[in-house]
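Values in this text are rule-based calculations from the coordinates and carry no lab data. Given the structure is predicted, the values throughout are model-derived calculations rather than measurements. Note that each Cβ is placed from the backbone with ideal geometry, even for glycine, and that neighbours are counted across all protein chains shown.
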Amino acid sequence: SVLWGLHVMVLTQDLPKHVTALQTEPLDFALYEKSSYLTPAAFQEIMPRPTLRSKIGELHDTMHRVEESHAIIRSFVFWYSFVLMMKFFKAFQANPRLNIVIETIKSSATDIVHFFIVFFVIFIVFS
């Protein structure tokens, strides 16, 4: 689908681009060379803080887009599986034996709804 294609595009193109833009090799080399933490002045010499903050901000924005698209895809898959389940129930009406399931669900629908109302209230109270 189009949503999945956009999600994969962000994961394979935008995200690696922002990760490699951080250029952590100079920082890694300085840490390895000193075998200690960097002072703020030494860190500033290697990579200016505003530059690092902007690059990390871009990376976080990309990750936020990935998270949003993932949430959209998950909700789409949930609703699509629900629609498919309803299609199966509709197809059950063609078979007399399977139609008994549909008729049972129809006749007990109010009881099921009332059960879930009570269950939801109790679940919320104890959660």
Exercise. Could you grab the relative contact order for the range 5-95? Cα pairs under 8 Å, six or more apart, rounded to a whole percent.
Key: 41 percent
Quiz item: What do you get for Rg/Rh over the chain if you use C-alpha atoms and the Kirkwood form of Rh?
Solution: 1.33
Exercise. Across the chain, how many lysine pairs, 8 or more positions apart or on different chains, have C-alpha atoms separated by under 30 Å? Please give the number.
Key: 5
Quiz prompt | Virtual spin-label span in nm between MET63 and SER75, 7 Å along Cα→Cβ | solution = 2.3 nm
